[in-house]
């Protein structure tokens, strides 16, 4: 037998433990243990040789042994040797006591030892829990059934070493019957309403051999209402004449069809009113409000009337049907077969206007609907609440579609700046209340002086634009500018406390006036033309040039300015758009100053080519072209 040990003495003890008395063997050193700096680093090798051969069967009989029969543990001591029986105690489900001392690991046992086995039996258990969903529409009952275990040692034949892990077994203890009321009361404790509890689901889960999870209470989800539905029987916008897709003879001026209706025509039917929906309820009794169906505005406007208790709208006048913000109206259509001139007079019409000729010098066409001009706009004023379409050119004319864009882009922001200055002045004057009169007066004069140039600068911006407005708009804004001038530039003549009252009054009036301007800025209109020269074109929508472009014109649009042809020109003038520009050739070989700006910082300007002196600006980023450098 070869033994690895740290010393000859340790090897001898191992041999004694294995073979008994030292008289029965001799031990030889093959290689001693090696030491480094006093520490053992490598075990030695030792050989054990028995002095006499002992029959294996006789040796087994003389060794100690253990056996278990019908739960009774018997220990026998060895005969003529010291090979006592051993027990390996390493199972948590049974504790072994030797002479009242709890043992662990491998230990020897003798006949005279008192050996006790204490079993750590596991009792059966039941866990009952309830989970509510976040929306409290469901409750889950969770039952965990864990059977118990009664441990015992199986019969063990005679052996030198008893490993309890090999012979420990158990009998299962069934789970006790679960009380229905216990589960039911768990739900009631969570304030779940009895009407929502599914008793059958509880019974099924109780009777399940392994337990589990089951939904045992359900609330009622809300049923949202349905939106109203409206069926329209007219087209809301002009559309291309389908005859152009045929081989029939057709007048080129008839390329667009404007939808029209006659008296008595059915325009729309409200086929379904909004339905309110049905509220839901949680299992704890909380009401869940259903979303009501949204109504669709269904209003009878000019030229229309209700029928059948307000469920139908019919035309009561002939004209063009319009749907705007849920209101259905019929706008009259005025058709001028020739030019608008001194013979026809200026046109003021509460509807659409179609002019099959030119609008001549100094004439005005003002419409509450759309305007279509088959010819040119020459030295005239064209203003529409809707869209304007000029199939030819706009020469030295003022073209305005929708609300005046100048009020939105220039005048309203200037007034808002003045309002902000007034607020700062009022706040500064309010902080002077604790000073004596002389110091308060001096600080008051300084504050007014510091803001005078700022206010005057914004007033100049407004007055520079007023001349481009229509007379009614011009009058209203001019009067308010005058009020600001009188109040602000005479304020230093008052004592500070009186001045503060007057400035507060002006602040409130200006705030209301700005709100009035914004509310009036709601009419949307696009402008389409072939070519514009020396004209002012203002659109509260977008502007489209279909032909050669523009020359020395001012074009301002809320959204986009689009020149369809890459070869179209923008020669001189000013172009301002809110979001986007798509242009052709900007500027001229002679270097005519041409200014193009998009207000939105995320806006875009694209061009075919830019000559010298062309300025392209997006938000505050400016590029001036100089191709010679």
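Taken together, the values in this text are just the output of simple stated rules run on the coordinates, not laboratory data. Predicted model only: the values in this text are computed from it and were never measured. Quick reminder, even Gly has a Cβ in these numbers, built from the backbone with ideal geometry, and neighbours come from all protein chains shown.
A few comments on the model shown:
- For the chain, the share of DSSP beta bridges that are antiparallel, to the nearest 5, is 50%.
- Equivalent ellipsoid, the stretch 62-219 (semi-axes from 5 times Cα gyration tensor eigenvalues, Å): 54, 13, 11
- Taking other C-beta atoms within 10 angstrom as a stand-in for reagent exposure, 233, 451 fall in the order 233, 451, fewest first.
- When you work out D = kT/(6 pi eta Rh) for the stretch 315-425 at 4 °C and 1.567 mPa s, using the Kirkwood radius from C-alpha pairs as Rh and the Stokes-Einstein form, the result is 83 µm²/s.
- Neighbour-count order for 316, 455, fewest beta carbons within 10 angstrom listed first: 316, 455
- Under the simplified labelling scheme, the residue 456-residue 509 pair shows an inter-label distance of 2.2 nm, with each label point 7 Å from Cα along Cα→Cβ.
- Its Cα gyration tensor gives the chain an equivalent ellipsoid. The semi-axes, each the square root of 5 times an eigenvalue, are 102, 40, 33 Å from largest down.
- Label-to-label distance, nm, for residues given as residue 140 and residue 113 (7 Å Cα→Cβ offset): 5.1
- Euclidean distance between Cα centres, the stretch 259-291 to the stretch 435-492, Å: 52
- Once the C-beta distance of residue 288 and residue 191 is scaled by a Förster radius of 22 Å, the resulting FRET efficiency is 0.85 to the nearest 0.05.
- Cut-off 13 Å, label 7 Å out along Cα→Cβ of residue 306, residues of the stretch 221-238 by amide N: none
- Distance from the alpha carbon centroid of the stretch 339-363 to that of the stretch 194-256 works out to 50 angstrom.
- A Förster distance of 25 Å, applied to the separation of the beta-carbon atoms of residue 62 and residue 154, puts the FRET efficiency at 0.40.
- Global form of the stretch 542-629, assessed from the alpha-carbon gyration tensor, a/c cut-off 1.5: oblate
- Extension reserve of the residue 490-residue 446 stretch, reckoned as 0.36 nm per residue once the Cα distance is removed: 14.4 nm
- Annotation for the stretch 1-21 versus the stretch 66-144: alpha-carbon center distance of 33 Å.
- Mean separation of Cα contacts under 8 Å (6+ apart) over length of the chain, as relative contact order %: 6
- Each residue in 529, 349, 489 was given a count of other beta-carbon atoms within 10 angstrom of its own, and listing them fewest first yields 489, 349, 529.
- Förster radius 25 Å - calculated FRET efficiency between residue 244 and residue 608, Cβ distance, rounded to 0.05: 0.25
- Between residue 170 and residue 237, the simple label model (points 7 Å from Cα in the Cβ direction) yields a spacing of 7.8 nm.
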